[in-house]
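Visitor: Here you go, one structure.
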Amino acid sequence: MKRVMQTLFAVALSLVMMLGSLPAVASTKTIILATTTSTQDSGLLDALIPLFEKESHYFVKTIAVGSGQAMAMGKKGEADVLLVHSPDAEKKFMQDSYGSSRKLVMHNDFIIVGPALDPAGIKGVKTSAEAFKKIAASGKLFISRGDNSGTHAKEKLLWKAAGLTPEGNKWFQQTGLGMGQTLNVAAEKKAYTLTDRATYLALKKNLNLSVLVEGDARLLNVYHVIEVNAAKWPKVNSAGGKAFSDFMVSGKTQAVIGSFGVDKYGSPLFFPDAGKRPESLGL
């Protein structure tokens, strides 16, 4: 009887130990991706993440926020990997050792959109600076994300290039929202805004906004994947972050990125850049 009890106790103890280890095992198969809203709103992540999960057997928990918020999460060790588009802030993130690897993934461009009637008369101007000057001079409403996102960072650089400080003017309003929601606000208010092209095209059918300014070199929009530095945050899933980073720059994934949107819009929403020198994009 004593031997039977010892055996049962040993079995029970092994079960407890096995069950106790399951959450830890599960956690190693989950990665937290902090990314910009444009990759979510455009539908790109819906195409890529199932492929990654099937290939790697990791489960991806996606948190779509502005690039600034995504990097803030990385600085706190609250994400394993980032997919962002705010180059200056990314460089600072790497300099401060919050990231262990940063790889060029893809690009598209920003555009300035607004009501088709274009009351500020910006359609066809050559530069974003000229467009912003005309909007300010006309006093026509401009909607800013105002959320420390990559798009917001770009917008602030464009206002600076135009020699203007829009904050405090009645014609300048901030939403504090993502790109899709900000586009909806601009459409409702018949206002101008800066957007990445991918999100605009994905939502265009429900918006009454036209592309008015495009093609300025300042409007380049570049995305990088960054692995959060596990040396700073030991709980970061570095293996999972590296797996996602490697996946994003793999030939197969780059091919998917290059064809994404072609069937629906006639051209890709993003252009693959893995392996290219940043200088080739004008960075």
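Rule-based calculations on the coordinates, nothing more; no lab input. All of these numbers come straight from a predicted model, not from anything done at the bench. Don't worry about glycine lacking a Cβ; one is built from the backbone with ideal geometry, like all the others, and counts go over all protein chains shown.
Visitor: In nm, give the distance between the simple-model label positions of Asp118 and Asp96, each being 7 Å from the Cα along the Cα-to-Cβ direction.
Guide: Taking the two extended label points, one gets 4.1 nm.
Visitor: A follow-up question, please. What distance in nm lies between label points placed 7 Å from Cα along the C-beta direction at Tyr265 and Lys126?
Guide: 2.7 nm
Visitor: Fewest first, what order do Phe247, Phe59 take by the number of other Cβ atoms within 10 Å?
Guide: Phe59, Phe247
Visitor: For the Cα atoms of the chain, what angle does the longest principal axis make with the long axis of helix 150-161, in degrees from 0 to 90, nearest 10?
Guide: 30 degrees
Visitor: Which residues' amide hydrogens lie under 5 Å from the amide hydrogen of Met106, considering only partners 5 or more residues apart or on another chain, with H built in the peptide plane?
Guide: Those qualifying (amide H under 5 Å, at least 5 residues apart or on another chain) are Tyr223, Asp273.
Visitor: Ok, one more. When Lys76, Lys205 are ordered from fewest to most other Cβ atoms inside 10 Å of their Cβ, what list results?
Guide: Least to most surrounded, the residues fall as Lys205, Lys76.
Visitor: According to the square roots a ≥ b ≥ c of the eigenvalues of the Cα gyration tensor, what is the shape class of the range 109-219, taking rounded for a/c under 1.5, prolate for a/b larger than b/c otherwise, and oblate for the remainder?
Guide: rounded
Visitor: Give me the angle, in degrees from 0 to 90, between the Cα long axis of helix 128-138 and the longest principal axis of the Cα atoms of the chain, rounded to the nearest 10.
Guide: 60 degrees
Visitor: Further question: Which percent, nearest 5, of DSSP beta bridges in the chain are antiparallel?
Guide: Of those bridges, close to 60 percent are antiparallel.
Visitor: Still on this structure, I have one more. Using 1/(1 + (r/R0)^6) with R0 = 51 angstrom and r between the beta carbons of Lys205 and Lys29, what's the FRET efficiency to the nearest 0.05?
Guide: So the FRET efficiency works out to roughly 0.85.
Visitor: Something else: Give, as a single signed number, the net charge of other residues whose beta carbon lies under 14 Å from the beta carbon of Asn208, with Lys and Arg counted +1 and Asp and Glu -1.
Guide: +2
Visitor: Here's another thing I want to ask about it. DSSP beta bridges in the range 84-205, what fraction antiparallel, as a percent rounded to 5?
Guide: Antiparallel: roughly 45 percent of the beta bridges in the range 84-205.
Visitor: Something else now. Order by neighbour count: Thr39, Thr165, fewest other Cβ atoms within 10 Å first, most last.
Guide: By the 10 Å Cβ count, ascending: Thr165, Thr39.
Visitor: Further question: How far is helix 2-28 tilted, in degrees, relative to the longest principal axis of the Cα atoms in the chain, given as a value from 0 to 90 rounded to the nearest 10?
Guide: 10 degrees
Visitor: Cross-link candidates for Lys133: which aspartates and glutamates have Cα within less than 19 Å, leaving aside residues fewer than 8 places away along the same chain?
Guide: Result set, ordered by chain and number: Asp118, Glu155, Glu167, Glu214, Asp216.
Visitor: Mind jotting down the three principal axis lengths of the range 158-249 based on Cα atoms? Whole angstrom, largest first.
Guide: Taking the Cα atoms of the range 158-249, the three principal extents are 47, 32, 26 Å.
Visitor: Another one. With respect to the cross-link table entries Lys232/Lys276; Lys140/Lys189; Lys91/Lys156, which display a Cα-Cα separation exceeding 19 Å?
Guide: Working: Lys232/Lys276 29 Å; Lys140/Lys189 11 Å; Lys91/Lys156 17 Å.
Checking Cα-Cα distances, Lys232/Lys276 exceed 19 Å.
Visitor: Same structure again: Report the charge-dipole magnitude of the chain in Debye, nearest 20, computed about the Cα centre from +1 at each Lys and Arg Cβ and -1 at each Asp and Glu Cβ.
Guide: 360 debye
Visitor: Taking Cα centroids, how far is the range 96-130 from the range 166-187 in Å?
Guide: Taking the Cα centre of each part, the range 96-130 and the range 166-187 sit 15 Å apart.
Visitor: Return the single residue from Tyr98, Tyr58, Tyr265 with maximal mean-square fluctuation; model: Gaussian network over the chain, springs between Cα atoms under 10 Å.
Guide: Tyr265
Visitor: What FRET efficiency comes out for Lys235 versus Val256 if R0 is 25 angstrom and r is the Cβ-Cβ distance? Round to the nearest 0.05.
Guide: Step by step, r from the Cβ atoms, then E = 0.20.
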